[in-house]
């Protein structure tokens, strides 16, 4: 991603986009349009189309109060980690994630590579192959290095318990991360729905102010989720495409510490890229380096967004229109996800498990040669793949908020929240009479197809008798026969009086 910025002795041509910072000491930072132009849709209402610029129109899309999620303005997946792969090949992107939940493959699970740890085990398995070959050749032609395989039983038990502990701990952290994001998803829905429905809009010109204030508060709900995603991925800036339009107007530490250089992915050498794909520790970069190199305090953007949201909600609480506990769930999610991120498996366990695993793998050829001879080479490789693979899975899912294939798809979760908030704000809060007294409302369906007005003309006793008949006439269905006899059963129960339900389903 290329940004327009000015530094000492350097200048860049201004890009067309949305300014996110307005600072007297520093020129505004502008985000360019990263996506190709899309032809706007044509509405029947020409005035509506004339009022909207082409960049806010996308084919097949409903108008949204968050234009930052339209296709030709922003891509919610354009984080620094994904920008580094924008121009990469499909093969490289195949081994990166998180996994797209909307994609489906018919390949048998045993043959799938997307999400497999096999690419990360190529170098270790090659080393095991060379090691087992060396041991076997020496044992065959020089000196027999074979030992009693009793160690397989003794050390195998220890290795199994160690790997089981590591895997269960890693999965527990992965499941905890998913649980906290599910809680955030639920609280975002509830809070947005409560704000949109419960906060009354005043009459006259004040109605527009109330409407825009509610939309701003709902945007902050989305901004909280997106800022939390970036924080969990150690991305401390505010200039990311999916975040700039939501928090650029807020007074935050991250805004004051904004640095355009953090948004530009650094160039990598060929060997470093290969090493990262093969999960070589010497090629891995420190994920917190952007935070460590910051020259100004970065603050805590999710909590700062939540503080702005709290100001709006506290005003509503004073009017007794909202419950305070509604937005406290967001703070609980921040604490929970940070505890998952910042509390890895103790180093003593990690180091010891890695050492025990490799000792077991390296001793395998000595124990297998006596009974398998040359077959000990593929046998050692297969055993190493099983053991090292389980260990690699445990390490990969230990941090569920990264960009590995098996990590949680946080971009998808944030996009789902945005879409659901759009659905909530797409229409005004309905009035009770609008849907209860509607002519198509069938209160006693499927027992009766009579509408609301028909039942309104009857007495309370008749309605309650019909409700009782509905239970008796529709017992637990057996082979679907109860639904076909619903009308005759109801008529038999209610008799020929006015309580008879007509017409019946």
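The values are calculated or read from the model by the stated rules, or taken from the named source; none is laboratory data. Remember, it's a predicted structure, so these values are computed and weren't measured experimentally. Cβ sites come from the backbone with ideal geometry, for glycine too, and all protein chains shown count toward neighbours.
General remarks:
- Residue check for residue 199: surrounded by 23 or more Cβ atoms within 10 Å (Cβ to Cβ), touching a helix residue (DSSP H, G or I) at 6+ places or on another chain (Cβ under 8 Å) and either in the same structural domain as residue 405 (by TED's automatic domain parsing) or at pLDDT below 90 (or both): no
- Out of 353, 381, 393, 359, one residue alone is part of a helix (DSSP H, G or I) and under 16 Å from residue 126 (Cβ atoms). It is 381.
- Picking from residues in region 135-179 that are in contact with a helix residue (DSSP H, G or I) (Cβ under 6 Å, 6 or more places away or on another chain) and farther than 28 Å from residue 349 by Cβ, the one that is surrounded by the fewest Cβ atoms within 10 Å (Cβ to Cβ) is 147.
- In region 344-353 there is at least one residue that is in the same structural domain as residue 120 (by TED's automatic domain parsing) and within 30 Å of residue 240 (Cα to Cα).
- The requirement of being modelled with pLDDT under 90, buried (at least 17 other Cβ atoms within 10 Å of the Cβ) and more than 23 Å from the chain's Cα centre (by Cα) is not satisfied by residue 204.
- Looking at region 422-505, the helices (runs of 4 or more DSSP H) lying wholly inside it that each contain 1 or more residues that are at pLDDT 85 or above and within 30 Å of residue 208 (Cβ to Cβ) sit at 432-436.
- Only one entry in 145, 125 is part of a helix (DSSP H, G or I), modelled with pLDDT of 75 or more and under 20 Å from residue 378 (Cβ atoms), namely 125.
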